[in-house]
1. May I ask you to say which residue of Glu232, Glu195, Glu244, Glu209 is among the charged types (D, E, K, R), over 24 Å from Val141 (Cβ atoms) and open to solvent by 50 Å² or more (accessible area, probe 1.4 Å)?
2. Please work out which residue is nearest to Ser171 (Cα to Cα), limiting yourself to the range 212-229 and to residues that are open to solvent by 70 Å² or more (accessible area, probe 1.4 Å) and part of a loop (DSSP other than H, G, I, E, B).
3. List every residue pair whose Cβ atoms lie under 7 Å apart, where the two residues are 6 or more positions apart in sequence or sit on different chains, the first residue falls within the range 39-63 and is in contact (Cβ under 8 Å) with a residue 24 or more places away in the chain, and the second residue, located anywhere, is charged (D, E, K, R).
4. Take the residues of the range 78-87 that are of a type in the set (D, E, K, R) and either touching a Leu at 6+ places or on another chain (Cβ under 7 Å) or open to solvent by 40 Å² or more (accessible area, probe 1.4 Å) (or both): which is farthest from Trp99 (Cα to Cα)?
5. Give all pairs with beta carbons closer than 6 Å in which a residue from the range 98-118 that is under 21 Å from Glu35 (Cα atoms) meets a residue that is among the basic types (Lys, Arg); count only pairs at least 6 apart in sequence or on separate chains.
6. Taking Glu87, is it at pLDDT 90 or above and part of a loop (DSSP other than H, G, I, E, B)?
7. Taking only the range 146-170 into account, find how many residues are free of Cβ contacts under 8 Å to residues at least 40 places away in the same chain, within 26 Å of the chain's Cα centre (by Cα) and outside any helix (DSSP H, G or I).
8. Please give the number of the condition Thr107 fails out of (1) farther than 30 Å from Ile246 by Cβ; (2) among the hydroxyl-bearing types (Ser, Thr, Tyr); (3) buried (at least 17 other Cβ atoms within 10 Å of the Cβ).
Amino acid sequence: ARNMELRLGRERLSNIVSGLNVVIWSMSLPSRKLEYINTAAEKLYGYPLARFYADTSFWLDLVHEEDREMVRAASLAQLQGIGKDIEYRIVSQDGDIHWMHDRSWVTLDKSGTPVRVDGSASDITERKRDELQLRKLSQAVEQSPAVVLITDPQGNIEYVNPKFTELTGYSFAEVKGKTPRVINSGKTPPEVYRELWTTIRSGAEWSGELLNRKKNGQLFWEYETISPIKDENGGVSHFVAVKEDIT
């Protein structure tokens, strides 16, 4: 009965590991003989598991040529007992490029000699695409010829781009946590601001002209478009203002 329980437990574990979208593998050291790899490798790399068992170094050929030396060095370090935690690109059989997050853990015997390495490799391509998109958007805002200002729902400034500093003379550190009143000239009628806040708090966009004041006291006219940014529940999480000097 005990043997039956163990066999069923191993079968369940095998089924769970085989169904993962993460490549799981185990290799003996120093022979670098592949002891186990799950079927996720077939789905991701596009090659049968037999190729990996037949030639342990085969997977290295799948690594993008620009990342190969870095991956090779990290793999050789495992022979010294050093696990890896790296990100790199692989090219699957169909020519698609995937970003992988590869981690490994080395087991030492009583004398401190590495005898086995276990690892996992997960596909982080979508995350990398999101990071690239975010980086492009961030650069576009940072380099924008228009002033971009972002506040929390209460109007406290959380971000201004370099153009804001160039135009107003205030650094981000000087206005962070304050409201845009810091550049208020005091000459715009109060009803304009009441209309502005009523509009954007209702979830709509507001556009108009405001007379503001620079740090040095100089007045200037801005044409502003202020939009609410909504969260997944439809509530307003931030406001973003795009402003152009029309003096």
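1. Numbers: Glu232 fails: over 24 Å from Val141 (Cβ atoms); Glu244 fails: over 24 Å from Val141 (Cβ atoms); Glu209 fails: over 24 Å from Val141 (Cβ atoms).
Being among the charged types (D, E, K, R), over 24 Å from Val141 (Cβ atoms) and open to solvent by 50 Å² or more (accessible area, probe 1.4 Å) holds for just one of Glu232, Glu195, Glu244, Glu209, which is Glu195.
2. Here the answer is Lys215.
3. Listed pairs, sorted by first residue: Leu44/Asp123; Gly46/Asp94; Thr56/Arg32; Thr56/Lys33.
4. My answer is Asp85.
5. What qualifies is Ser104/Lys84; Thr107/Arg116.
6. Criteria not met by Glu87.
7. Adding up the residues that qualify gives 5.
8. (3)
The values are calculated or read from the model by the stated rules, or taken from the named source; none is laboratory data. None of the values given here were measured: they were computed from a predicted structure. Glycine gets a Cβ as well: all are built from the backbone with ideal geometry, and neighbour counts include every protein chain shown. Calculation scope for accessible area: heavy atoms of the full protein, side chains included, ligands and nucleic acids excluded. Shrake-Rupley method; radii C 1.70, N 1.55, O 1.52, S 1.80 Å.
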